1. Checking Arg263 against (1) surrounded by 13 or more Cβ atoms within 10 Å (Cβ to Cβ); (2) over 24 Å from Gly149 (Cα atoms); (3) modelled with pLDDT of 95 or more, which test does it fail?
2. For Ala273, work out the one condition from (1) open to solvent by 10 Å² or more (accessible area, probe 1.4 Å); (2) small (Gly, Ala, Ser); (3) in contact (Cβ under 8 Å) with a residue 40 or more places away in the chain; (4) farther than 27 Å from Asp125 by Cα it doesn't fulfil.
3. Report, by residue number, each residue of segment 163-180 that is outside any strand (DSSP E or B) and either over 24 Å from Ser131 (Cα atoms) or within 24 Å of the chain's Cα centre (by Cα) (or both).
4. For Val313, only one of the following conditions fails: (1) touching a Leu at 6+ places or on another chain (Cβ under 8 Å); (2) of a type in the set (A, V, I, L, M); (3) not in a helix (DSSP H, G or I). What is its number?
5. When the residues of segment 16-48 are filtered to those that are in a helix (DSSP H, G or I) and hydrophobic (A, V, I, L, M, F, W, C), which remaining residue is farthest from Asn461 (Cα to Cα)?
6. Pairs under 8 Å by beta carbon, first residue closer than 17 Å to Glu230 by Cα in segment 294-316, partner basic (Lys, Arg) and modelled with pLDDT under 95, six or more apart or different chains?
7. Return only the number of the condition from (1) within 30 Å of Asp172 (Cα to Cα); (2) in contact (Cβ under 8 Å) with a residue 40 or more places away in the chain; (3) small (Gly, Ala, Ser) that Gly441 does not satisfy.
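The values are calculated or read from the model by the stated rules, or taken from the named source; none is laboratory data. As the structure is a computational prediction, the values presented were derived from the model and not from experiment. A quick note on method: Cβ atoms are made from the backbone with ideal geometry, for glycine too, and the neighbour counts reach across all protein chains shown. The accessibility values were calculated without ligands, DNA or RNA, using every heavy atom of the protein model including side chains. Shrake-Rupley method; radii C 1.70, N 1.55, O 1.52, S 1.80 Å.
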Amino acid sequence: MSILDTLAAIVGPGNVITEAADLAPYLVEERGLYRGAALAVIRPGSTAEVAEAVKACAQAGIPMVPQGGNTGLCGGGVPSEDGRSVVISTERLTRIRAVDPVDFTLTAEAGCVLASLQQAAEEADCLFPLSLGAEGSCRIGGNISTNAGGTNVLRYGNTRDLVLGLEVVLPDGRIWNGLKRLRKDNTGYALQHMFIGAEGTLGIVTACVLKLFPRPREVATAMVALADLEAALPLFSRARKASGDSVTACELVPRIGLELGMRHVPGVRDPFAAPHDWMLLLELSSSRPGGLREALEEVLAQAVEDGLALDAVIAESQSQRADFWRIREAIPEAQKKEGGSIKHDVSVATSRVPEMIRRCTHAVEAAMPGVRVVPFGHLGDGNTHFNLTQPQDADKTAFLARWEEMNRIVHDIVVGMEGSISAEHGIGRLKVEELAHYKPGVDLDLMARVKGALDPRGLMNPGKILR
């Protein structure tokens, strides 16, 4: 019996995809950087089916590529071009097994779309705070496997901080059941943390227990025109102190990001009468209504008086709040329509973000005159999307050919500032060589030892993270 016949017997013939047209969506990375090939895509409908399929592939020596919503930005869910792999999609693992508003936990299968989990939490009068641009199509197993970040990390942490327990199919087909709802368990190694952020290289996450939180009853959102980039940090600090540390989001928006959004994305408008070089999207939230707006008004009034802010607008409605967020969220979409874009997902200590932006901007502009620097994102947690848009009228192919050169310039500065070359997007295929270049040898050795212990034949998502 062939491996495809064996897999069909496990998951059903209709869940083994081999036709080229049907395979195509599973083989292309979201930004089009990679286009892989595969023997087949299989879609198991249960943890038991995942385990049996993995066991069959392992026995046959077939490489496996776990895949959720395929929305990752580093090629972690795309197979290589050799066509030897089987893609194991979690798209049928969509059951929410339990929502417990007393324990403040939600237990769900890995194929659940993030937005559906947010909705399930809301229906239980709770909040699941993980939120990112792809939440309507990304799946929680992928979020866990990449330790996804998003816009609420400042208040609630990365995905790693939102997971209590996991269920994982190991590379040999065994099932590790770590689906515990415990807040405290000090019985040895915290095994779940090996799989969070491992990008499917150590096993396939099939289910999870997630933390819930009280649902916000009051939200206050403002767009602030900064006097300069350096003014963002004291303003952020003041907002945290004045609100009882209720700042949920602190997002940096450069003038060029707003202009690109107004040019290419419907509904994006300048909230100010005059143009400003730097803006800050501040959002405060609390499960206890009353007092946040007043605190925000006081902070912003003092910031204007002290010269930190030139202007500020507080959202008067949910619609206006959505308008402010549309400005921030439109930047990546607008960049796509402006031509080639070289991405950097970097982090440094929050206090050093302005310094990093200025140093990197000077360096890339010196190396490539005319390049348009678009630094934006999660100022409050030190994560900047330091993106480069091609010079106007430049050749896109020639611009993108300098990707590695620009990466090295930016990453050298960031690592020299004790920062990270991947704050929230992971390593995947895109940054394997960069990780090998920058990661200390002891770190790489420990990672390789873990990989070798769990997946000695290198069959689970090969070519990702480690060489």
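1. In the conditions (1) surrounded by 13 or more Cβ atoms within 10 Å (Cβ to Cβ); (2) over 24 Å from Gly149 (Cα atoms); (3) modelled with pLDDT of 95 or more, Arg263 misses (1) alone.
2. Only one criterion is unmet by Ala273, namely (3).
3. Answer for segment 163-180, where residues must be outside any strand (DSSP E or B) and either over 24 Å from Ser131 (Cα atoms) or within 24 Å of the chain's Cα centre (by Cα) (or both): Leu170, Pro171, Asp172, Gly173, Arg174, Leu179.
4. Exception for Val313: condition (1).
5. Ala21
6. Final answer for the pair search is none.
7. Checking Gly441 against (1) within 30 Å of Asp172 (Cα to Cα); (2) in contact (Cβ under 8 Å) with a residue 40 or more places away in the chain; (3) small (Gly, Ala, Ser), the one that fails is (2).
Residue-wise test of (1) under 21 Å from the mean Cα position of the chain (by Cα); (2) open to solvent by less than 10 Å² (accessible area, probe 1.4 Å).
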{"site": "Ala315", "(1), (2)": "no, no"}
{"site": "Lys337", "(1), (2)": "no, no"}
{"site": "Ser341", "(1), (2)": "yes, no"}
{"site": "Arg352", "(1), (2)": "no, no"}
{"site": "Pro369", "(1), (2)": "no, no"}
{"site": "Arg372", "(1), (2)": "no, no"}
{"site": "Gly377", "(1), (2)": "yes, yes"}
